[in-house]
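Trainee: I am attaching a structure below and will ask some questions about it afterwards.
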Amino acid sequence: MKKVSVIVPITADRISDLDISLRSLMDEQKCSLEIIIVLNGPGVFGVDVTRWESNNVKFIRTAKSGPSVARNIGTSNASGSWICYLDSDDVMRSDGLQKLVSAGELSNADVVIGDFIKTNSDKVIEDHHAFEHSVQWTEGSSLLFLGPVLLPTYQLGYIWGRLFSTKFLNDNQISFDEALKYGEDYEFMVRVSLAASRINYIPSQLYEHRVNLKSLTKRYDSEYIDQNRAVLSKIHSDIYSSKEFIKSEKNVRDEVLSFYFAFVLLILSSIIVDNLFHPENHAPLTLKRKKYLYLLSEESFNEALLNGDVRLLDWKHGIIIRAARKRLFLLDGLFAWFRHFLLK
């Protein structure tokens, strides 16, 4: 079985998370593993890592910040045939890597994806199943994998807990965009979808994503709108300039664009809830309304409002968009307030 390089980005203040994540990897007895821990950001050069060091665990330190930076550095130092990205406080479930590798080698896939569970304090809060049965996207249909990547129904836009062929990433020069503060995983997966010849999904929950429910309430960020615009601009460019998209049949292009418009609506609803009506946004209501109407008139958002299929969104985002289509500013504010109230 070919070697897997597991890339784990981590900051100095989260170093104790390795007790959990590394333990889950060490239980993988059937895989040849190389574990690359990338310590990034302030304070990493003073962190003692001796208790985690071993023959197959490598530590790399960099003063640069951000998970994209860390993942790119880890990938460039990887020697395995497969790359797996693991968040520092998450775990691979029993034999998870071995099952992914077996599926990938059997089908000669570029990417292999499993399902996951979300937990909080060891309590399962989401038992996720994207599809009931194994699914394979091959050359000619891999563009349609953009649907599961961009649509919230499937939640396959994440990059953790799956395998990427190192050769595939290198041949197509796919890395993380370090300029993106939000959505860099989605943008990465869009380029994967556009370049891959074979993507395998296996309906097994092989990864445990550990979340803090309080962290779901995002802190107010004045750059949130501009950062999300940057993600949309990059994904728009990725899709429209892709040779695979350009040469595909019209019905495939139409379906891909329906995914893209739904994703734009998803971003718009997130901006409305997590920026415009965030509890820490103390701008006057008149100013918020002016900004709200301006956002809805922007070319990318207006195009998606006119052409996007709200049925492709989950009900929470769908409510926000249905109100936005009718310019119901106060109703969107009420929905946003209720969402933040529930997450307190």
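Trainee: Of the numbered conditions (1) over 27 Å from residue 203 (Cβ atoms); (2) at pLDDT 95 or above, residue 83 fails exactly one; give the number of that condition.
Mentor: All conditions pass for residue 83, except number (1).
Trainee: So, one more: Please specify each residue of the stretch 155-179 satisfying the condition of being within 12 Å of the chain's Cα centre (by Cα) and farther than 19 Å from residue 78 by Cα.
Mentor: 155, 156, 157, 158
Trainee: Right, here's the next one. If you take the residues of the stretch 118-129 that are open to solvent by 20 Å² or more (accessible area, probe 1.4 Å) and in contact (Cβ under 8 Å) with a residue 40 or more places away in the chain, which of them is farthest from residue 198 (Cα to Cα)?
Mentor: Ranking the qualifying residues of the stretch 118-129, first place goes to 120.
Trainee: Six or more apart or on different chains, Cβ under 8 Å: which pairs go from a residue in the stretch 321-344 that's more than 13 Å from residue 271 (Cα to Cα) to one that's assigned to a loop (DSSP other than H, G, I, E, B) and open to solvent by less than 50 Å² (accessible area, probe 1.4 Å)? Could you list them?
Mentor: 337/277; 340/217; 340/277; 340/278; 343/217; 344/217
Trainee: Let me ask something else about it. Just to be sure before I move on: is residue 244 at pLDDT below 95, farther than 22 Å from residue 120 by Cα and open to solvent by 10 Å² or more (accessible area, probe 1.4 Å) in the structure I sent?
Mentor: yes
Trainee: Now a separate question. When you check residue 262 against the structure, is it buried (at least 21 other Cβ atoms within 10 Å of the Cβ) and in contact with an Asp or Glu (Cβ under 9 Å, 6 or more places away or on another chain), yes or no?
Mentor: yes
Trainee: Can you tell me how many residues within the stretch 45-71 are within 27 Å of residue 186 (Cβ to Cβ) and among the β-branched types (Val, Ile, Thr)?
Mentor: 3
Trainee: Also, I was wondering about something else. With the condition kept exactly as written, say whether any residue in the stretch 281-288 is among the charged types (D, E, K, R), in a helix (DSSP H, G or I), open to solvent by 20 Å² or more (accessible area, probe 1.4 Å) and more than 29 Å from residue 342 (Cβ to Cβ).
Mentor: No, the conditions are met nowhere in the stretch 281-288.
Trainee: Does residue 204 satisfy the condition of being part of a helix (DSSP H, G or I) and either open to solvent by 40 Å² or more (accessible area, probe 1.4 Å) or of a type in the set (Ser, Thr, Tyr) (or both)?
Mentor: no
Trainee: Pick out, from the stretch 144-201, the helices (runs of 4 or more DSSP H) lying fully within it that include 2 or more residues that are in contact with a Phe, Trp or Tyr (Cβ under 9 Å, 6 or more places away or on another chain) and either open to solvent by less than 10 Å² (accessible area, probe 1.4 Å) or at positive phi (or both).
Mentor: Once the helices (runs of 4 or more DSSP H) in the stretch 144-201 are filtered for at least 2 residues that are in contact with a Phe, Trp or Tyr (Cβ under 9 Å, 6 or more places away or on another chain) and either open to solvent by less than 10 Å² (accessible area, probe 1.4 Å) or at positive phi (or both), what remains is 146-150, 184-195.
Trainee: Next question, about the same structure. Among the candidates 74, 114, single out the residue that is open to solvent by less than 40 Å² (accessible area, probe 1.4 Å) and more than 14 Å from residue 163 (Cβ to Cβ).
Mentor: Selected residue: 74, the only one of 74, 114 that is open to solvent by less than 40 Å² (accessible area, probe 1.4 Å) and more than 14 Å from residue 163 (Cβ to Cβ).
Trainee: If you scan the stretch 45-63, which residues turn out to be more than 18 Å from residue 75 (Cβ to Cβ) and either surrounded by 17 or more Cβ atoms within 10 Å (Cβ to Cβ) or of a type in the set (Phe, Trp, Tyr) (or both)?
Mentor: 45, 52
Trainee: If you don't mind, there's one more thing I want to ask. Can you tell me which of 77, 120, 72, 108 is in contact with a helix residue (DSSP H, G or I) (Cβ under 6 Å, 6 or more places away or on another chain) and not aliphatic (A, V, I, L, M)?
Mentor: Sole residue among the options that is in contact with a helix residue (DSSP H, G or I) (Cβ under 6 Å, 6 or more places away or on another chain) and not aliphatic (A, V, I, L, M): 120.
Trainee: Moving on. Out of the stretch 234-278, which residues are over 22 Å from the mean Cα position of the chain (by Cα) and not in a helix (DSSP H, G or I)?
Mentor: Scanning the stretch 234-278 gives 248, 249, 277, 278.
Trainee: What's the total number of residues in the stretch 310-326 that are surrounded by 14 or more Cβ atoms within 10 Å (Cβ to Cβ) and under 11 Å from residue 262 (Cα atoms)?
Mentor: Of the residues in the stretch 310-326, 6 are surrounded by 14 or more Cβ atoms within 10 Å (Cβ to Cβ) and under 11 Å from residue 262 (Cα atoms).
The values are calculated or read from the model by the stated rules, or taken from the named source; none is laboratory data. Small disclaimer: the values here were computed from a predicted structure and weren't measured. No Cβ is skipped: glycine too gets one built from the backbone with ideal geometry, and neighbour counts run over all protein chains shown. Heads up: the accessible areas ignore ligands, DNA and RNA and are worked out on the full protein's heavy atoms, side chains in. Shrake-Rupley method; radii C 1.70, N 1.55, O 1.52, S 1.80 Å.
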